[in-house]
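Q: One structure follows; several queries about it will come next.
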Amino acid sequence: MDHIVVVGASAAGLTAADTLRREGFTGTLTMVGDELRPPYDRPPLSKQVLAGEWEPHKATLRQESDVQRLRLQMVLGHRATEVDPAARAITLDGRERIGYDGLIVATGLRPRHLPFGHDLAGVHVLRTLDDTLTLRAELLGGPRVVVIGAGFLGSEIAATARGLGLDVTLVDVETTPLARQIGSDVGELVARTHRDHGVDVRMRRHVTGMTGQNGRVAAVVLDDGSRLAADVVVVAIGSVPATDWLTDSGIPLGDGVLCDPTCKAAPGVYAAGDVANWPHPLVGGRIRLEQRTNATLQAVTAAKNLLSDPDGALPYAPMPFGWTDQYDTKIQIHGWCPPDAHVEVVDGDVRSRTFVALYRTGGRVVGALGWNSPRALLRYRGHIAQHPGA
Amino acid sequence: MKITIDEDKCVGAGQCVLAAAEVFDQRDEDGVVVLLDSAPPQELLADVEDAAARCPALAIEVEK
Ligand SMILES: Cc1cc2nc3c(=O)[nH]c(=O)nc-3n(C[C@H](O)[C@H](O)[C@H](O)COP(=O)(O)OP(=O)(O)OC[C@H]3O[C@@H](n4cnc5c(N)ncnc54)[C@H](O)[C@@H]3O)c2cc1C
Ligand code: SF4
């Protein structure tokens, strides 16, 4: 293998490049990214960077010297628009073709939009560092903020905006924030935490429209007829895998790039990170994870498997781990916390806001959630059965 | 081998503890990493490098 191309210049892409070199790949290594900035990390965006606690450069993933050490040809500000797996070549910006012997797809996600409102000034999504800096600049004007979507991202943005002293409303169709991610038992506690901090939490409400004035957003309209006055709106209603450039390639697509258990999508093509969808051998079904630790661990496996293909490829079967920070609350999750699971607090207690809860489905533990209990939580990781029964 | 930690970046994920419990622990309150041994014996190098690679915040630096 002489030339490996990595598409996507972020957490998963960089880790793949790192791993390829660590595993002794000495050929040409090209990394393509459509953002102009050198690779940076996303978790601090909705937290420290949006809050202004971190200078943007602190989220940079590798220093210039590290990139040089990797002997990485960085092609930034260019989009991969096509791939031809038979000819083993990708196309950049619809023009330039680059051949490859091995390809790693690490293009992540793009934010989902509402069918209305995005043409108005003041309406934002947040995925990139540039999105974050644009939103931050608007928050400095002291606006009234409405956050649509109370998943991890929306809840964090609401907490950060409230931390800046702003008037914040959080809206979602679910019964509680994070209902789909951690169930409504613990989700109710998240709602209470936001209310305690002065956020107007509107659950079980559909957003039906937005009104504007002189091209700028003025209000968010809900299905019960209420109008939430807003100067800034953040739409955080989930994301879709960035697979548009693979549409005509013959590479199997579904909810992401459909890989085999070793993260392989086609001969010489592997995927990793938020964009990768693969059968988890211990789950008994396909999964896709939108978690920072997965971007790293999966990229390590995908890179190793690309080099050892076809004989030595190993299945990728991680125990998922994710976290979210809101106000002074740190929630961490090992495994799965499905909404229909039975939840039991096994360490600490809810009243003191320091606890560990185990999630059971069909009698077995499938996940462990720590609320301000990082150290205690680790002790329960081993309780999680390896068959969440999906 | 010499290890340095950027406490400010650490997100308390505990991935380092899972990879090398001889070298890393976490503070009880906030989970921030505690370095048990900043110059561990060479036979732990692979585990420590694994810890550094797994850390989602890239808070661990290893000098060989
Ligand atoms: C604001 C925010 C906060 C988060 N907080 C947490 C958290 O607290 N905890 C946690 O566990 N996870 C968190 N996550 C999730 C975590 O950041 C992701 O799991 C991780 O970034 C995935 O990395 P990736 O490399 O797979 O994809 P990405 O980081 O999305 O990188 C993909 C890159 O590919 C580029 N790209 C896409 N298409 C093309 C193309 N055709 N050509 C060239 N380049 C392309 C994109 O521009 C992007 O730079 C957060 C995510 C966000 C957005
Ligand atoms: S893995 Fe990294 S972020 Fe997690 S506790 Fe260790 S140093 Fe901190």
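The values are calculated or read from the model by the stated rules, or taken from the named source; none is laboratory data. What you are looking at is a predicted structure, and each value in this text was computed from that prediction instead of being measured. Counting neighbours? That spans all protein chains shown, and the Cβs are built from the backbone with ideal geometry, glycine included.
Q: What do you reckon, is A:Gly149 out of contact with any strand residue (DSSP E or B) (no Cβ under 9 Å at 6 or more places or on another chain) and closer than 22 Å to A:Gln48 by Cβ?
A: On the way: out of contact with any strand residue (DSSP E or B) (no Cβ under 9 Å at 6 or more places or on another chain): no; closer than 22 Å to A:Gln48 by Cβ: yes.
For A:Gly149, the condition - out of contact with any strand residue (DSSP E or B) (no Cβ under 9 Å at 6 or more places or on another chain) and closer than 22 Å to A:Gln48 by Cβ - is not met.
Q: Restricting the search to region A:1-39, which residues are near ligand 1 (Cβ under 6 Å from one of its atoms), assigned to a helix (DSSP H, G or I) and among the aliphatic types (A, V, I, L, M)? Reasoning before the result, please.
A: Filtering region A:1-39 down to residues near ligand 1 (Cβ under 6 Å from one of its atoms) leaves A:7-13, A:32-35.
Next, only the ones that are assigned to a helix (DSSP H, G or I) stay: A:11-13.
Of everything in region A:1-39, those that are near ligand 1 (Cβ under 6 Å from one of its atoms), assigned to a helix (DSSP H, G or I) and among the aliphatic types (A, V, I, L, M) turn out to be A:Ala11, A:Ala12.
Q: Which condition number in (1) in the same structural domain as A:Thr15 (by the TED database); (2) on the phi > 0 side of the Ramachandran plot is the one that A:Gly348 fails?
A: (1)
Q: Right, another one. Which pairs turn up if I take residues in region A:289-317 that are more than 14 Å from chain B (Cβ to nearest Cβ) and surrounded by fewer than 21 Cβ atoms within 10 Å (Cβ to Cβ) and look for partners that are in a loop (DSSP other than H, G, I, E, B) and among the small types (Gly, Ala, Ser) with beta carbon separation below 8 Å, at least 6 apart in sequence or on another chain?
A: If the second residue must be in a loop (DSSP other than H, G, I, E, B) and among the small types (Gly, Ala, Ser), the pairs left are A:Leu307/A:Gly24; A:Asp309/A:Gly268.
Q: Of all the strands (runs of 3 or more DSSP E) wholly in chain B, which have at least 2 residues that are within 12 Å of chain A (Cβ to nearest Cβ), within 20 Å of A:Trp371 (Cα to Cα) and not hydrophobic (A, V, I, L, M, F, W, C)? Please lay out each step first, then the result.
A: On the way: elements: B:2-5, B:24-26, B:33-35, B:60-63.
Hits in chain B: B:24-26.
Q: Report whether or not A:Ala265 is more than 16 Å from ligand 2 (Cβ to nearest atom), of a type outside the set (Phe, Trp, Tyr), within 18 Å of the chain's Cα centre (by Cα) and closer than 30 Å to A:Leu314 by Cα.
A: no
Q: Then there is this: Of B:Asp50, B:Asp28, B:Asp6, which residue is more than 10 Å from ligand 2 (Cβ to nearest atom), of a type in the set (D, E, K, R) and farther than 25 Å from A:Asp347 by Cβ?
A: B:Asp50
Q: I'm told A:Arg110 meets every condition in (1) within 16 Å of ligand 2 (Cβ to nearest atom); (2) modelled with pLDDT of 95 or more; (3) not acidic (Asp, Glu) except one. Can you identify the failing condition by its number?
A: So A:Arg110 meets the others, but not (1).
Q: Continuing with this model, one more query. Could you tell me which numbered condition A:Val207 fails, if it satisfies all but one of (1) over 29 Å from A:Trp323 (Cβ atoms); (2) buried (at least 19 other Cβ atoms within 10 Å of the Cβ); (3) β-branched (Val, Ile, Thr)?
A: For A:Val207, the failing item is (1).
Q: Only one of (1) closer than 22 Å to B:Cys10 by Cβ; (2) away from every other protein chain (no Cβ under 12 Å); (3) part of a strand (DSSP E or B) fails for A:Pro279. Which number is that?
A: It fails just one condition, (1).
Q: Sticking with this one: Exactly one of (1) within 14 Å of chain B (Cβ to nearest Cβ); (2) out of contact with any helix residue (DSSP H, G or I) (no Cβ under 8 Å at 6 or more places or on another chain) is unmet by A:Asp347. Its number?
A: A:Asp347 satisfies every listed condition except (2).
Q: Further question: Scan region A:244-252 and tell me whether some residue there is part of a loop (DSSP other than H, G, I, E, B), modelled with pLDDT of 95 or more and under 26 Å from A:Met203 (Cβ atoms).
A: No, region A:244-252 contains no residue that is part of a loop (DSSP other than H, G, I, E, B), modelled with pLDDT of 95 or more and under 26 Å from A:Met203 (Cβ atoms).
Q: For region A:196-218, state whether one or more residues are in contact with a helix residue (DSSP H, G or I) (Cβ under 8 Å, 6 or more places away or on another chain), at pLDDT 95 or above and among the β-branched types (Val, Ile, Thr).
A: Yes; the residues of region A:196-218 include at least one that is in contact with a helix residue (DSSP H, G or I) (Cβ under 8 Å, 6 or more places away or on another chain), at pLDDT 95 or above and among the β-branched types (Val, Ile, Thr).
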